[in-house]
Structure formats: C-alpha cells, structure tokens
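Report on the structure given below.
The values are calculated or read from the model by the stated rules, or taken from the named source; none is laboratory data. Keep in mind that this is a model prediction, so the values were computed, not measured. Here the Cβ positions follow ideal geometry from the backbone for every residue, glycine too, while neighbour counts run over all protein chains shown.
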Amino acid sequence: MGSALTAALFDCEGLAAVRYPRGSEGTRPEGYTIENLNYDIVGDKDADTLLITYGRLFNEAIEARRILQKQGKKLCILKLCRIKPIDTEAVRFAAKYPRIRFFEEGMASGGTAQLFRTMLSELSYSGEYQITAVDDRFVPHASVSSTLKSLGFDAQSMARAVQQTEEVNG
C-alpha cells in the first residue's frame, strides 16, 4: 500500500483514490517485489491457468497457489494494483493464457472482471474466461472469513475452482 500511496501523492495528476484493506495488508509471498504500479505477476508464468484478482483477495490467491503447488499444479496470478483504468499491458499479458479465472470481491455486473473480459475480447481472446463475483444479491453481515468462504473467495474455494476448470478443459 505504501507505494500506491506514494504514487497517488506524487505521480498521479488530478484526483487519485487508494484502496486499502480493513485491518492489515496481509502477508506477501516470498520473493514478492512490486515491479509495476498498475499490476504485479506472481507465480508460474508458464502455467495454463491465470488467476486475476485485486485487493485483499490477493492473499487468498497466494494461498490457493500454495495449495495447488502441493498437488503439483502450476498457477500464475495477476494482481491488479490499479483497476481504473485497467492497464492494457495487463490485458495483453492475460491474453496469452488459455484459461483465466477472475475473482472479484464486488458485483459481477458492471465490475472490473466484466470490463477486463471486454478488453480481452477486443484482442480477439478465444480462451476460457470465468468470473467469480457477487451475483446481484445482498451479502449478509458475518465475519470476513465466513463471508469469503460463502462467496467462494477463500483460498480453498479458489484452488477448487482452478482444479475444476483444469479437469474440464484439459
């Protein structure tokens, strides 16, 4: 978050918003460094599946990758650090993957994942693209961990979704 705040204060022209998770920022994976203010790539770039997310779901995605690694499976993670505007280089990077799973802790309709899909289609993307997001419903008050689990945003659910995608397609 520190680099995002610094960029918002000194590098952005006009208004800027910095999103930060309630509580702590979460742990970073070993060897993680911020290379780009707009997006980061973590994991196996030669994997067949790319998991895209942002915000606090990034920590769940990192844990999902660990779960899959223990099973001998590869996963690359694209973390969006800036969602407005979405960096076109991030979209070009994603377009190389035959399977993409986007996890968004927000509404599916009109969300970042839907816009990302539109940007991919403008590049004639023909791979599989699946969105896990909130489907136009009220999310009842509960603990963060139980809410993430019920919406399929926890690490176990992410790993299971990636496995199911790979089992169906190859």
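Observations, loosely collected:
- In region 134-170, residue modelled with the highest pLDDT [restricted to those that are of a type in the set (D, E, K, R), in a helix (DSSP H, G or I) and closer than 18 Å to residue 59 by Cβ]: 160
- A single entry from 131, 100, 67, 86 fulfils the requirement of being more than 13 Å from residue 41 (Cβ to Cβ), assigned to a loop (DSSP other than H, G, I, E, B) and touching a helix residue (DSSP H, G or I) at 6+ places or on another chain (Cβ under 7 Å): 86.
- Top-ranked residue in region 60-99 [being within 14 Å of the chain's Cα centre (by Cα) and of a type in the set (Val, Ile, Thr); ranked as modelled with the lowest pLDDT]: 83
- Index of the failed condition, residue 123 passing every other in (1) outside any loop (DSSP other than H, G, I, E, B); (2) in contact with a helix residue (DSSP H, G or I) (Cβ under 7 Å, 6 or more places away or on another chain); (3) not polar (S, T, N, Q): (1)
- Looking only at residues of region 22-59 that are modelled with pLDDT under 95 and acidic (Asp, Glu), we find that the one that is farthest from residue 102 (Cα to Cα) is 30.
- Residue tally, condition aromatic (Phe, Trp, Tyr) and surrounded by 18 or more Cβ atoms within 10 Å (Cβ to Cβ), over region 75-98: 1
- Restricting attention to region 153-164, the residues being surrounded by fewer than 18 Cβ atoms within 10 Å (Cβ to Cβ) and touching a residue at least 40 places away in the same chain (Cβ under 8 Å) number 2.
- With respect to the conditions (1) modelled with pLDDT under 80; (2) of a type outside the set (Gly, Ala, Ser); (3) touching a Lys or Arg at 6+ places or on another chain (Cβ under 7 Å), residue 11 lacks only one, and its number is (3).
- Residue ID - farthest from residue 56 (Cα to Cα), chosen from residues in region 99-133 that are crowded, with 16+ Cβ neighbours inside 10 Å and of a type in the set (Ser, Thr, Tyr): 125
- Inside region 66-108, residues that are farther than 26 Å from residue 149 by Cα and not aliphatic (A, V, I, L, M) make up a count of 10.
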